[in-house]
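Asks: Provided herewith is a single structure, encoded as structure tokens, for subsequent inquiry.
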Amino acid sequence: MNEQLSALLIHERSKPFDALCRMLWELSVGTHSIDCCRAARGVISRCKPDVIFTDRSLSDGDWQTVLYLVEQTDAPASVIVVSPVPDAHTYLSVMEGGAFDFVAPPFEREPLNFVLRSAALNTHRLRTALTRVSCA
């Protein structure tokens, strides 16, 4: 998995996403940003991101809406929920709700790289399984 990874960021605020974008750039991850769930379905299908980072809540939905939209596309992807602060309750809710992970600043290179690569491998596994099912 040496190819460049791609990430879709769905958010309406600059904090903590500006810091996340800088770190993704340092990790050579191609990024695309949108600010609402409404645009997500088309972007996900068209861009097929390896990983989706989403804010906990958006003006037209939340992280669960993003999970639903991903499930409705032909491009499965790992969804990581981003919070401006660590929050154990939200972490548990996100993990139990089907997201791949939950992250909060500070975004340090090695831990973020590990989460990112793990999520990308999960996305690859999901897409391989989908291809096998569609070929059967």
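The values are calculated or read from the model by the stated rules, or taken from the named source; none is laboratory data. Quantities reported herein were computed from a predicted structural model and do not represent experimental measurements. Neighbour counts run over all protein chains shown; Cβ positions are idealised from the backbone, glycine included.
Asks: Do the conditions hold for LEU20, that is, is it modelled with pLDDT of 95 or more, more than 16 Å from LEU112 (Cβ to Cβ) and part of a helix (DSSP H, G or I)?
Replies: Criteria not met by LEU20.
Asks: Grab the helices (runs of 4 or more DSSP H) fully contained in segment 47-136, keeping just those with 1 or more residues being over 24 Å from ASP18 (Cα atoms), in contact (Cβ under 8 Å) with a residue 40 or more places away in the chain and aliphatic (A, V, I, L, M).
Replies: By residue number, 109-135.
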